[in-house]
Every structure is written in structure tokens, then in C-alpha cells.
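The values are calculated or read from the model by the stated rules, or taken from the named source; none is laboratory data. Bear in mind the structure is a predicted one, so any value in this text is a computation, not a measurement. For neighbour counting, all protein chains shown are included, and Cβ atoms are generated from backbone atoms with ideal geometry for every residue, glycine included.
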């Protein structure tokens, strides 16, 4: 029987709860940042989330004033649910600022995929530079806050390449590399020379 690691991945219900909490924290921070930015710039609320969800659900188009509930559902719902992905990233060793940067890109891809697939949005490169910067800033706040919360809540598990230290192959990965004729993972000569 294989020895057990002292780092056990959380049970699925715990990981789900941690991810939802990380997403909630991220979207709350993003919303606060948006409201502060709007108070300074005078930028109005965006109802693109509402109209995106409207299209996804096949609902008839309604004016913005009739879609506040849908707006909040899509705004908060996407953010909370995407926290699940960040929790899995944290568990699998994709943590810290780099993990949050990668997650930022996922968040942007998620928004743009839904908004453009439904015909509600326009590709970001067609936006004015100021709108691009504001959107990127708010999504970065979301991604880095959600990432920090996920990294604190989720105990690191084993990365697919080996042990809990990201990128350090464990015994199983070393054995596979050695069987394939590679010294990668043993601290000897690898692809880039002496390790």
C-alpha cells in the first residue's frame, strides 16, 4: 500500500464550497471597484450581462430598466461559478499571482465568449481604449481577489506531474521519465542542460 501524503485534496463538496466562496469574494471586490470607478468617472451601469442572459434564456428583449435582476444574476452568477475553476487551479498547484493571471484570462474569455456568441457584445479590440482598460482593471480585481481567497482556502493537492510543489516531478513521474530514457526530474541533465 502506498504511503499517504499529509496533503490530501479536499473532498468535492468542500472544494465546491471553497470555490464558490472565492468567486463570491472576487465578484464582490470587482463590484465595489466598479462602483468606485463609476462614482469618479460618471460611467453608467452596463446592462450587457442582462442582455446576454436574456439571449441565452431565449427571453424577449426588454429595456435596461426592466432587466436589473437579470443583470445581477449574470454579473454575480458568472463570478461565483467561475470561482470553482480557480479552486481547482489552486488544488492542482496553479496558485499565486501567476495562477490569478491565468484565471484573469479565463474570466475575460468567458465574458467575451457569451457576449459575442449571443450577438450582444462586440469584440474587445473594437472598443475604445478607455473601455478596454476599465474592463481589464475590473476583471483583474476579480481574478486576483478570487485567486487570493482560493489559495488561502484550498489546501494544495498533488500536481499531475508529481508532488505538491508545482512542477517538481514526484517519484511516479521520475520513474516514467527514466523509463522513457529521460533524466528530467532527477536533478541531472535535462532539456536545458544541468539542473
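Please enumerate the residues belonging to region 96-146 that are part of a loop (DSSP other than H, G, I, E, B) and more than 22 Å from residue 53 (Cβ to Cβ). So that I can check it myself, show each step before the final result.
First, the residues of region 96-146 that are part of a loop (DSSP other than H, G, I, E, B): 118-123, 127-128.
Passing the criteria: only 128.
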Test for residue 16: is it under 23 Å from residue 151 (Cα atoms) and surrounded by fewer than 16 Cβ atoms within 10 Å (Cβ to Cβ): yes
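Can you spot a residue in region 175-189 that is modelled with pLDDT under 95, at positive phi and buried (at least 19 other Cβ atoms within 10 Å of the Cβ)? Break it down stepwise before answering.
At the first step, the residues of region 175-189 found to be modelled with pLDDT under 95 are 175-189.
Okay, now just the ones that are also at positive phi, so 181, 185, 187.
Applying the additional criterion that residues be buried (at least 19 other Cβ atoms within 10 Å of the Cβ) yields 185.
Among the residues of region 175-189, at least one is modelled with pLDDT under 95, at positive phi and buried (at least 19 other Cβ atoms within 10 Å of the Cβ), which makes the answer yes.
Please find, among 80, 88, the residue that is in a helix (DSSP H, G or I) and under 24 Å from residue 34 (Cβ atoms). Steps first, please.
On the way: 88 fails: under 24 Å from residue 34 (Cβ atoms).
So the residue among 80, 88 that is in a helix (DSSP H, G or I) and under 24 Å from residue 34 (Cβ atoms) is 80.
Residue-by-condition table, conditions (1) modelled with pLDDT under 95; (2) over 22 Å from residue 126 (Cβ atoms):
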{"residue": "28", "(1), (2)": "no, yes"}
{"residue": "38", "(1), (2)": "no, yes"}
{"residue": "46", "(1), (2)": "yes, no"}
{"residue": "63", "(1), (2)": "yes, yes"}
{"residue": "67", "(1), (2)": "yes, yes"}
{"residue": "81", "(1), (2)": "no, yes"}
{"residue": "85", "(1), (2)": "no, yes"}
{"residue": "90", "(1), (2)": "no, yes"}
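Given the criteria assigned by TED's automatic domain parsing to the domain that holds residue 130 and within 22 Å of residue 106 (Cβ to Cβ), does residue 39 qualify?
Working: assigned by TED's automatic domain parsing to the domain that holds residue 130: yes; within 22 Å of residue 106 (Cβ to Cβ): no.
The answer is no for residue 39.
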